[in-house]
Each structure stands twice: as C-alpha cells, then as structure tokens.
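Notes follow once the structure below has been shown.
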Amino acid sequence: MKGYRIAFIRHGITEANEKGRYIGTTDLPLSSTGSKELFDKLEKLDYPNVQKVYTSPLKRCKQTCSILYPNSYTVEMQELREMDFGEFENKSAEELMEREDYKQFIKGGLDNPPPKGESTREVVTRCYEAIKIIISDMMYEGLTNVAVVTHGGIIMNMLSCFGVPKRKPMDYACDFGEGFEVMVTASMWQRSEAFEVLGRYPDLYPDEEYYGSGYNDDEDNEDLQ
C-alpha cells in the first residue's frame, strides 16, 4: 500500500528563544546563532530531498526553509503558525510569574487560553485542518515525501493528537532544526485519521528505536514559540 512520508521540523532559534520569551505570533527572524546552527546541522546531518515544503508564514520558519531546503517548492500555511500567547507575547516566565492569570494559564487545559490569546483547543483545531490539507494535497499531487517546517508547540500537538503510538505532547519535543518523520497511508487516515510516527528527523541515531523524550522547548514552553 502506498505510503506518504512527512517530516515535521522545528524552526531555528531566535533571540527571544535564547532569552526564554513566549513568541507565538511575534514575527522574529532567526538569530545569528540560529542560522549558524542550521548550517552546521545541514553539513553534519542527512536532510533528505523532499518534493515540497509546507511552512508556517512566520519569518523564523521561512528562513529555516531557505537554509534546509533552498531548492524545494515552498507553500505557506496560516494553519501552521504558532499559538497566539496574547498578553504573554514576548514576555518571559520570570516576568509573568506574579500574575494570577499566568498562574492559571500554566495549569494547562484545552480551554485555558492566555488573556486575549488562543486556547490549546483552537490550536489543535488548526493542526487538524493543516494536516488534512497537507495529506489531501499529497494524495492529489502524488507526492510521497514532503517536509513541514513549523513550531515546537504545533509539532507536539500534531503528533500527540494524530500520531500512533499515542504519546504525551512532551514526548514529541525536539531541538531547533529537528523533528519527527511520520508515515501516512490512505486507509489508516480514512479509517482513524491517524498516522504512524516513524522516529526522529533527521535520523540522529539510525540503530536506535525512538521511545520518546522530555520537553525542552522555547522557555520550555519554549516553542510554544
């Protein structure tokens, strides 16, 4: 049965990430460190060629695409943007710690958004729309190998909601410029709206099976950035 491979990749680091700030919709470019790290990884790691790249419209993702996949056809998707942190945007946990609304927010939950921000439920709904569009596009165009350059929070929600085996979002944390590869089949998606998580991408440890990891994202909500 025909399979469709999708590599979900987290963007490179920004100055706000380095400082541990929430930058969901704040449109910052990669830092000089972020660009250098991506070029270093491109030299040392194997990023296979892909037929198409889908990306968040934010600068840090588009610049990551231009470094990792400079010759690939790229499509921007609003559905792949990061969570809107509302009043918490561009602030660090340290700056927010005394706010009661922040204390409430970090308790988590699908319907517990930051003030004037986006709830996790809204993000999950966007993730579902994004993956539906990407899979439909792949099937229609006959694409078998694509990349999705987006944000750490989006990757964690995508894979924890639609990936098998089922794991917690934090198990799908990944470093900048890295992510996970999944396999989609038409029957599996049509039957259960799920895909198989194959492992980390690029393949850092080819002889080891992936068992999950701890979350170390941008402000360790980090990329919910």
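The values are calculated or read from the model by the stated rules, or taken from the named source; none is laboratory data. Being a predicted model, the structure only gives us computed values, none of them experimental. Reconstructed Cβ throughout: ideal geometry from the backbone, glycine too, with neighbour counts over all protein chains shown. Calculation scope for accessible area: heavy atoms of the full protein, side chains included, ligands and nucleic acids excluded. Shrake-Rupley method; radii C 1.70, N 1.55, O 1.52, S 1.80 Å.
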Scanning for something in contact with a Phe, Trp or Tyr (Cβ under 7 Å, 6 or more places away or on another chain), under 25 Å from Gly20 (Cα atoms) and either in a strand (DSSP E or B) or open to solvent by 60 Å² or more (accessible area, probe 1.4 Å) (or both), does segment 91-110 turn up at least one residue?
yes
If I filter segment 73-90 for residues that are modelled with pLDDT under 95, in contact with a strand residue (DSSP E or B) (Cβ under 6 Å, 6 or more places away or on another chain) and in a strand (DSSP E or B), do I get at least one hit?
no
Evaluation of Gly177 against (1) part of a loop (DSSP other than H, G, I, E, B); (2) over 16 Å from the mean Cα position of the chain (by Cα) (one fails), failing number
(2)
Between a first residue in segment 174-203 that is free of Cβ contacts under 8 Å to residues at least 60 places away in the same chain and a second residue that is part of a strand (DSSP E or B) and open to solvent by 10 Å² or more (accessible area, probe 1.4 Å), which pairs have beta carbons less than 6 Å apart while being 6 or more apart in sequence or on different chains?
Ala194/Val164; Glu196/Val164; Glu196/Met183
From the list Gln51, Gln63, Gln78, pick out the single residue that is in contact with an Asp or Glu (Cβ under 9 Å, 6 or more places away or on another chain) and open to solvent by 60 Å² or more (accessible area, probe 1.4 Å).
Gln51
For Ser31, which of the numbered conditions (1) touching a residue at least 60 places away in the same chain (Cβ under 8 Å); (2) of a type outside the set (Lys, Arg); (3) over 29 Å from Thr125 (Cα atoms) fails to hold?
(1)
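Would you pick out the residues in segment 20-44 that are in contact with an Asp or Glu (Cβ under 8 Å, 6 or more places away or on another chain) and either at positive phi or open to solvent by 10 Å² or more (accessible area, probe 1.4 Å) (or both)?
Correct list: Gly20, Arg21, Thr25, Thr26, Leu28, Thr33, Lys41.
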Residues of segment 113-147 that turn out to be open to solvent by less than 30 Å² (accessible area, probe 1.4 Å) and without any contact (Cβ under 8 Å) to a residue 12 or more places away in the chain, as a count
1
